[in-house]
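The values are calculated or read from the model by the stated rules, or taken from the named source; none is laboratory data. Keep in mind that this is a model prediction, so the values were computed, not measured. Every residue, glycine as well, gets a Cβ built from its backbone with ideal geometry; the counts of neighbours run over all protein chains shown. Please note that ligands, DNA and RNA were not included when accessible areas were found on the heavy atoms of the full protein model with its side chains. Shrake-Rupley method; radii C 1.70, N 1.55, O 1.52, S 1.80 Å.
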Amino acid sequence: MDYLYLSSESTALYDAQLNKAPLGVFDPHLNSYKRIPAGLSPLIIDTTVWQKLIADAQYFLGVIEKTVRWLQNRDQKTLWDRLYKELTPLEQQAALGGFGSVLKLATLRLDLFFDRDDIKILEINATIPAMQAYSDIIKEAYLKALIAAHKLKNSVSASKATIPLHLDPPNTHELLRSLLAHYRGTGGVKTRLNIAILARAGDSQLAELLWYIKEWTKLGHQVFLASPDQLSILKDRVYFGTTECDLIYRHIFAHKIAQHNDIVTMLSNYQRFKIFNPIAAHLEAKALMSIISECTCNPVMAQGIGIDETEMK
């Protein structure tokens, strides 16, 4: 792994791009953004390390699924109660598998640290796993700053600058690709969709959500923000005003919508109403990570859960 550094001139351009995006947390009381600090030196990760990280993440997701299914067994009721007694009834029903979902998620974020070329997973984010747009904002700002600095230094036009704006698909587009795969996997057939992003009014991650709207609109979809009281069910269809919603991306915690009966109905039948992610608060419990960690030094427990030697490594 190595680092890439900006010049002082490029740093100013980079900062200006981040302010323009903006890269910030929204304060609804002040109606303004507070900037999120962004690094000036991107970490360059070797391809072999990336491939190992991907493989390890896939193993870890398999371990999560096995552990959750193990916890759902009647034999583990006492442990399940200790882990999930603080969840709302709706979240507990999901944790018991009441909605038929363990890992049918469009997106999930693992927060981790690098330990040399190895990783240490800290927590799971399965409800509001932001960063797709934030990371795209940072990458785009960084590359634009390099292009602008290159133009100034060499007096060339933007069309002749050789630095590509996207070295790989934007994370925001990858999120949409996953959402569309779940949409089609549950019977959806449209190619141009009305997509509602379900979020609370004044959401602190407004910049992230607006970036989704901008990028997904470019790809041919109609995209809009909707608070829980703006969505309703009519004749087994979800509506935002008079607009029928083909797909809903949930960006709000389940415990925030208990008083909204139509949203509860949608989440209880998430495949029919095509709302992703389904409720997954139980995956975010720190105690779940503790159980998985314990398995690394307790082979009997690991065997009981069904974790094999390859996954343990």
Those residues of segment 61-76 which are of a type in the set (A, V, I, L, M, F, W, C) and either at pLDDT 90 or above or not in a helix (DSSP H, G or I) (or both) amount to Val63, Ile64, Val68, Trp70, Leu71
Between a residue in segment 30-44 that is in contact (Cβ under 8 Å) with a residue 60 or more places away in the chain and farther than 14 Å from Asn19 by Cα and any residue that is of a type in the set (Lys, Arg) and surrounded by 12 or more Cβ atoms within 10 Å (Cβ to Cβ), which pairs come within a Cβ distance under 9 Å, given they are 6 or more apart or on different chains? Pro42/Lys139
Against the definition (surrounded by 16 or more Cβ atoms within 10 Å (Cβ to Cβ) and of a type in the set (S, T, N, Q)), how does Asn261 come out, yes or no? no
Any residue in segment 188-216 that is closer than 18 Å to Phe240 by Cα sitting within a Cβ distance under 6 Å of a residue that is among the β-branched types (Val, Ile, Thr) and in a loop (DSSP other than H, G, I, E, B)? List the pairs, counting only those 6 or more apart or interchain. Leu198/Ile252; Ala199/Ile252; Arg200/Ile252
Out of Leu79, Leu87, Leu13, Leu53, I need the residue that is surrounded by 10 or more Cβ atoms within 10 Å (Cβ to Cβ) and not in a helix (DSSP H, G or I). Which one? Leu87
Determine, yes or no, whether Tyr249 is outside any loop (DSSP other than H, G, I, E, B), open to solvent by less than 10 Å² (accessible area, probe 1.4 Å), aromatic (Phe, Trp, Tyr) and out of contact with any Pro (no Cβ under 9 Å at 6 or more places or on another chain). yes
Taking the condition of being open to solvent by 70 Å² or more (accessible area, probe 1.4 Å), within 18 Å of Phe114 (Cα to Cα) and of a type in the set (Ser, Thr, Tyr), how many residues in segment 16-50 meet it? 2
Can we say Thr107 is farther than 20 Å from Ile305 by Cβ, open to solvent by less than 30 Å² (accessible area, probe 1.4 Å) and at pLDDT 85 or above? yes
Does segment 120-135 contain at least one residue that is charged (D, E, K, R), buried (at least 17 other Cβ atoms within 10 Å of the Cβ) and touching a residue at least 60 places away in the same chain (Cβ under 8 Å)? no
Where residues in segment 176-186 are touching a residue at least 12 places away in the same chain (Cβ under 8 Å) and of a type outside the set (A, V, I, L, M), which of them is farthest from Glu208 (Cα to Cα)? Thr186
Of the candidates Leu23, Leu18, Leu4, Leu40, the one satisfying the condition of being within 30 Å of Lys120 (Cβ to Cβ), under 24 Å from the mean Cα position of the chain (by Cα), of a type outside the set (S, T, N, Q) and at pLDDT below 90 is Leu40
Among helices (runs of 4 or more DSSP H) completely within segment 127-229, the ones holding 1 or more residues that are at pLDDT below 95 are 132-154, 171-185
